[in-house]
Amino acid sequence: MIDAAMSVSATGLLRRFHEVGVLGWADLHAAQQLCHLYDERDESVALALALTVRALRGGSVCLDLSAVRELAFETEETLEQVPDELWPEPASWHDKLTASPAVTTGADAFGSRPLRLVGQLLYLERYWRAEESVRVQLLRRQAGLVRDAPPEANARLDALFSRDPGGWQRTAAALSLVSPLTVIAGGPGTGKTATIARLLSLLLSEEPGLRIALAAPTGKAAARMDQALQEAIAGLPSEWESTLTGLSAQTLHRLLGWIPESRSRFRHNADNPLPHDVVVVDELSMVSLSLMARLMEAVRPSARLILVGDPDQLASVEAGPVLADIVAANWPSLPGAAVSLGGLAIGRLSGPVVQLRHNHRFDGAIGDLASFVRAGDADSAVGLLRSGSDQVSLSSVSEAGAALKDRVVTAARTVDWAARAGEVGEALAALDSHRLLCAHRRGPFGVAGWARRVEKWLRDDVPGFGLEGEWYTGRPVMISRNSAELGLYNGDTGLVMIRNGQPRVYFGDGRSVSPFLLEGAQTVFAMTVHKAQGSQFTSVSVVLPEADSPILSRELLYTAITRASERVTLIGTEEAVRRAIQRPARRASGLRERI
């Protein structure tokens, strides 16, 4: 009997790896097509091609032949089910790939073949070119012409950053004034946005006509950047605040001029660069390698490029841990002296990366827990979760049920009351007072199942909830498809309210849209941790999957914890917490080592 789920054309190693679930249909098809086109008949080469495609779908830029068995695909057990004798012998495997007509070998060779082997890393050629483009552009900028700062810049920096423990915010701003490339890295609450606001006010006070672009990878992240920037601007002296009026963030795709009929081409590129003098990109951890390559090519060599983000957060859902690679790289020394640049005191930096460490937002258990997770200290993290803290806790699903229901229903009642009273601001604030986060979309630990459970709680306990039809008062909505004409993007969240007998969806920036104009709008009683990136909630409850889930990682747990400002409740087992902390995301890339 033929198994309809299995390929009938796959043979040899491809079939064996397909049978245990390592390789999917897309991986098989790509490998078979390339082997046919290039008359490659060695099954170990075909396996390497298929695994390279599979690695890309898992977020890696390439396949690391020296650590291929360490890659997590669908489950940890999947690779364990592959008998040892099926894995090609490493040296022989490398030799066969070197000799393959489908593979270009070496970093300097001209490449017209679909794959490239550099050392132990096997790339699809287009991803190699993207990585090489990013590497070359970064190093070119880092070694670029340093500007001379105005004579009074040091004094102005001292005034703007008078409350800066450690002086790293001042260092980041000083470097940005004089260098073509600055990378500002730090977790939530370390003052990244405050640093940007002060830097931009200083730049604009010196050059009022400066053209500045603010961008983020998603619409939600851009909106959050705007909000955070406005909060930071409000804390500036009035003479500095006035310089920043009118600045607004946009998505990277919109900044680069996305061409709808193309996934990878933009109006702005090396031949038609962006007109801006300063380009600031926030949430860089969410930017893929391919998009980063297009951005680097489009920024004028004379412009300042300022990259901002948290390297410990989840990376892009597409291939490439770009920010983590940039921050961890062993950069060449900056031009000039190590303690001054362009006449400014910058402290001792060996490259363009400035890490902000002092946390201005989390001064309690949430900050401590995030630090333990980031450091890989599972014992301290579990000890804190079991300490009885009123900020962080760990509960099983059965233990957390009543308390979670109470938090969800309490928030929903406030949302419902404010929405019916027409209090848009209060309703949206109540919506963000608590958010249920999940690692998975489906399954017993996923968004779909928990959303159904939450909806039942609300229908049972909130009078009149959901009785007005599809677009009922208080329905929380998340956009899942970009609508540039409406200014709404994937991940934006809003709330349904009834005005003049008609439903409207209200968003945090004050806009309201008829729900009948929205495409791909989903009810958001729960959301994935990935979707929550760039958002901030008063409290979060995080449903952890089982300990052997391949999606469970240190970065996922850290991202979930740092979405909350006041309280974090982890729902799962101690084993799952320990496994997450001990498992940093494994994404193969050559950028870090080659910078």
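The values are calculated or read from the model by the stated rules, or taken from the named source; none is laboratory data. Bear in mind the structure is a predicted one, so any value in this text is a computation, not a measurement. We place every Cβ from the backbone using ideal geometry, glycine too, and count neighbours over all the protein chains shown. Note: areas computed on protein heavy atoms with side chains; ligands, DNA, RNA excluded. Shrake-Rupley method; radii C 1.70, N 1.55, O 1.52, S 1.80 Å.
For segment 555-595, the tally of residues that are open to solvent by 10 Å² or more (accessible area, probe 1.4 Å) and part of a helix (DSSP H, G or I) stands at 8. Name every residue in segment 40-64 that is at pLDDT 85 or above, within 15 Å of residue 289 (Cβ to Cβ) and not in a helix (DSSP H, G or I), in order of residue number. Those that are at pLDDT 85 or above, within 15 Å of residue 289 (Cβ to Cβ) and not in a helix (DSSP H, G or I): 60, 61, 62, 63.
Restricting the first member to segment 405-416 and to residues that are without any contact (Cβ under 8 Å) to a residue 24 or more places away in the chain and open to solvent by 20 Å² or more (accessible area, probe 1.4 Å), and the second to residues that are of a type outside the set (Gly, Ala, Ser) and assigned to a helix (DSSP H, G or I), the beta-carbon pairs closer than 9 Å and six or more apart or on different chains are 414/426; 414/431.
Within segment 282-299, the residues that satisfy the criterion of being in contact with a Leu (Cβ under 9 Å, 6 or more places away or on another chain) and assigned to a helix (DSSP H, G or I) are 284, 285, 286, 289, 291, 292, 294, 295, 296, 298. Inspect segment 522-540 for any residue being out of contact with any Lys or Arg (no Cβ under 8 Å at 6 or more places or on another chain), more than 17 Å from residue 312 (Cβ to Cβ), in a strand (DSSP E or B) and hydrophobic (A, V, I, L, M, F, W, C) and give the result as yes or no. Within segment 522-540 (the criterion being out of contact with any Lys or Arg (no Cβ under 8 Å at 6 or more places or on another chain), more than 17 Å from residue 312 (Cβ to Cβ), in a strand (DSSP E or B) and hydrophobic (A, V, I, L, M, F, W, C)), the answer is no, since none of the residues qualifies. Among the residues of segment 79-114, those identified as polar (S, T, N, Q), open to solvent by 20 Å² or more (accessible area, probe 1.4 Å) and not in a loop (DSSP other than H, G, I, E, B) are 92, 98, 105. Among the residues making up segment 317-344, a single one is buried (at least 24 other Cβ atoms within 10 Å of the Cβ), assigned to a loop (DSSP other than H, G, I, E, B) and either under 10 Å from the mean Cα position of the chain (by Cα) or at pLDDT 85 or above (or both): 321. Among the residues of segment 511-526, at least one is touching a strand residue (DSSP E or B) at 6+ places or on another chain (Cβ under 9 Å), in contact (Cβ under 8 Å) with a residue 24 or more places away in the chain and closer than 26 Å to residue 579 by Cβ.
May I ask you to verify whether residue 401 is surrounded by fewer than 21 Cβ atoms within 10 Å (Cβ to Cβ) and outside any helix (DSSP H, G or I)? When the stated conditions are applied, residue 401 does not pass them.
Only one entry in 163, 135, 141 is among the charged types (D, E, K, R), part of a helix (DSSP H, G or I) and open to solvent by 20 Å² or more (accessible area, probe 1.4 Å), namely 135. Within this structure, residue 577 passes the test of being over 15 Å from the mean Cα position of the chain (by Cα) and either touching a residue at least 60 places away in the same chain (Cβ under 8 Å) or closer than 26 Å to residue 222 by Cα (or both).
Results for (1) assigned to a strand (DSSP E or B); (2) within 31 Å of the chain's Cα centre (by Cα); (3) surrounded by 14 or more Cβ atoms within 10 Å (Cβ to Cβ), shown as yes or no for each residue.
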{"residue": "443", "(1), (2), (3)": "no, yes, yes"}
{"residue": "449", "(1), (2), (3)": "no, yes, yes"}
{"residue": "452", "(1), (2), (3)": "no, yes, no"}
{"residue": "458", "(1), (2), (3)": "no, no, yes"}
{"residue": "469", "(1), (2), (3)": "no, no, no"}
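Taking every residue in segment 40-52 that is within 25 Å of residue 320 (Cβ to Cβ) and pairing it with any residue that is surrounded by fewer than 23 Cβ atoms within 10 Å (Cβ to Cβ) and aromatic (Phe, Trp, Tyr), at least 6 positions away or on another chain, the pairs with Cβ-Cβ distances below 8 Å are 48/93. Residues that are touching a Ser or Thr at 6+ places or on another chain (Cβ under 8 Å), in a loop (DSSP other than H, G, I, E, B) and modelled with pLDDT of 80 or more within segment 541-553 comprise 544, 546, 547, listed in sequence order. Among the candidates 390, 379, 368, the residue that is open to solvent by 50 Å² or more (accessible area, probe 1.4 Å) and at pLDDT 90 or above is uniquely 379. Just one of the listed residues (129, 147) is modelled with pLDDT of 80 or more and either assigned to a helix (DSSP H, G or I) or surrounded by 13 or more Cβ atoms within 10 Å (Cβ to Cβ) (or both), and it is 129.
The residues of segment 480-500 that are within 32 Å of the chain's Cα centre (by Cα) and at pLDDT 80 or above, listed by number, are 493, 494, 495, 496, 497. One residue stands out in segment 301-312 among those that are open to solvent by 10 Å² or more (accessible area, probe 1.4 Å) and assigned to a loop (DSSP other than H, G, I, E, B): the one that is nearest to residue 353 (Cα to Cα), namely 311.
Only a single criterion out of (1) at pLDDT 75 or above; (2) surrounded by fewer than 23 Cβ atoms within 10 Å (Cβ to Cβ); (3) of a type in the set (S, T, N, Q) is not satisfied by residue 238, namely (1).
Can you name the residue in segment 248-283 that is among the aliphatic types (A, V, I, L, M) and free of Cβ contacts under 8 Å to residues at least 60 places away in the same chain and is also farthest from residue 353 (Cα to Cα) among such residues? My answer is 259. From the list 518, 552, pick out the single residue that is in contact with a helix residue (DSSP H, G or I) (Cβ under 9 Å, 6 or more places away or on another chain) and open to solvent by 10 Å² or more (accessible area, probe 1.4 Å). Going through 518, 552 in turn, just one is in contact with a helix residue (DSSP H, G or I) (Cβ under 9 Å, 6 or more places away or on another chain) and open to solvent by 10 Å² or more (accessible area, probe 1.4 Å): 518. Being assigned to a loop (DSSP other than H, G, I, E, B), closer than 18 Å to residue 562 by Cα and open to solvent by 10 Å² or more (accessible area, probe 1.4 Å): is that true of residue 208 here? The answer is no for residue 208.
The residue that is modelled with the highest pLDDT, counting only those in segment 241-258 that are part of a loop (DSSP other than H, G, I, E, B) and polar (S, T, N, Q), is 248. Residues in segment 166-190 that are part of a helix (DSSP H, G or I) and of a type in the set (Gly, Ala, Ser): 166, 167, 172, 173, 174, 176.
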